1. Looking at (1) surrounded by fewer than 16 Cβ atoms within 10 Å (Cβ to Cβ); (2) within 30 Å of TRP175 (Cα to Cα), which is the one condition that is false for VAL163?
2. Regarding THR177, is this residue at pLDDT below 90 and either polar (S, T, N, Q) or more than 27 Å from the chain's Cα centre (by Cα) (or both)?
3. So ALA108 ticks every box in (1) within 16 Å of the ligand (Cβ to nearest atom); (2) in contact with a Ser or Thr (Cβ under 8 Å, 6 or more places away or on another chain) but one. Which box is left unticked?
4. Output the residue which, of all residues in segment 151-184 that are assigned to a loop (DSSP other than H, G, I, E, B), among the aliphatic types (A, V, I, L, M) and touching a strand residue (DSSP E or B) at 6+ places or on another chain (Cβ under 7 Å), is farthest from ALA108 (Cα to Cα).
5. Can you work out which of the residues in segment 16-58 that are of a type in the set (Val, Ile, Thr), touching a residue at least 40 places away in the same chain (Cβ under 8 Å) and within 20 Å of ALA79 (Cβ to Cβ) is surrounded by the fewest Cβ atoms within 10 Å (Cβ to Cβ)?
6. Which of the numbered conditions does PHE94 fail, given that it passes all the others? Conditions: (1) more than 16 Å from the ligand (Cβ to nearest atom); (2) closer than 28 Å to SER19 by Cβ; (3) not in a strand (DSSP E or B).
Amino acid sequence: MQVVEVDGMMKMTSNPVLSERTLLLDVGYRPLSIVSVRRALLLLISEKAETVHESDHVVRSELLEVVAPSIARLRYQVAAPYRRRAPLHRKAVFARDAYLCQYCGRRAECLDHVYPRSKGGEHEWENVVACCRSCNAAKGDTLPEHSKFRLRTVPYAPEPIAVAAALRRGVPPEWDTYIVNRFRLSA
Ligand SMILES: [Zn+2]
């Protein structure tokens, strides 16, 4: 019976709300992933998940009217997902570093490898920072221990979900409660 209703609703492929996104939490309210509203509604209707925070959107079919969830929580325990590292993403490095040069604090224009690549420095979150052109040029291939340039923050690898959220436009403010180290892309 429920399956029929879901099918009816899911056939409304033209409904743009279904391709909106829902933040999916685990039983312990930790963020698991960002899923389509379509996927979230399937979980809700099959009672595998519950709504934590409603969105402003309503999905209607002949049989059913549901408020699309902005945040949903799984009702059952899932095996802890293997935490993969987020791939290094240029835009996300700028966002993580608040668009400021991590050496002088001016507006960042490029990325810098703290340990230069030519000296074996890796292209990883922990070795890449936002940088202004003049610091980048002045630092050149100097090793950090031999240069006057000091980092203002310790570069870190963000959670994959924080990167995924940062790269999305129009992330709802209620997600901030659940995504730690949230950072934003500026327009
Ligand atoms: Zn600078």
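The values are calculated or read from the model by the stated rules, or taken from the named source; none is laboratory data. This one's a predicted model, so the numbers in the text were calculated from it and none came from an experiment. Please note: Cβ atoms are built from the backbone with ideal geometry, for glycine as well, and neighbour counts cover all protein chains shown.
1. Against the list (1) surrounded by fewer than 16 Cβ atoms within 10 Å (Cβ to Cβ); (2) within 30 Å of TRP175 (Cα to Cα), VAL163 comes up short only on (1).
2. yes
3. Every condition holds for ALA108 apart from (2).
4. Among residues in segment 151-184 that are assigned to a loop (DSSP other than H, G, I, E, B), among the aliphatic types (A, V, I, L, M) and touching a strand residue (DSSP E or B) at 6+ places or on another chain (Cβ under 7 Å), the one farthest from ALA108 (Cα to Cα) is ILE179.
5. Filtering segment 16-58 down to residues of a type in the set (Val, Ile, Thr) leaves 17, 22, 27, 34-35, 37, 45, 51-52, 58.
Then drop every residue that is not touching a residue at least 40 places away in the same chain (Cβ under 8 Å), which leaves 17, 22, 27, 34, 45, 58.
After this cut, where a residue has to be within 20 Å of ALA79 (Cβ to Cβ) as well, the list is 27, 34.
Working: VAL27: 12, ILE34: 18.
Among residues in segment 16-58 that are of a type in the set (Val, Ile, Thr), touching a residue at least 40 places away in the same chain (Cβ under 8 Å) and within 20 Å of ALA79 (Cβ to Cβ), the one surrounded by the fewest Cβ atoms within 10 Å (Cβ to Cβ) is VAL27.
6. Checking PHE94 against (1) more than 16 Å from the ligand (Cβ to nearest atom); (2) closer than 28 Å to SER19 by Cβ; (3) not in a strand (DSSP E or B), the one that fails is (1).
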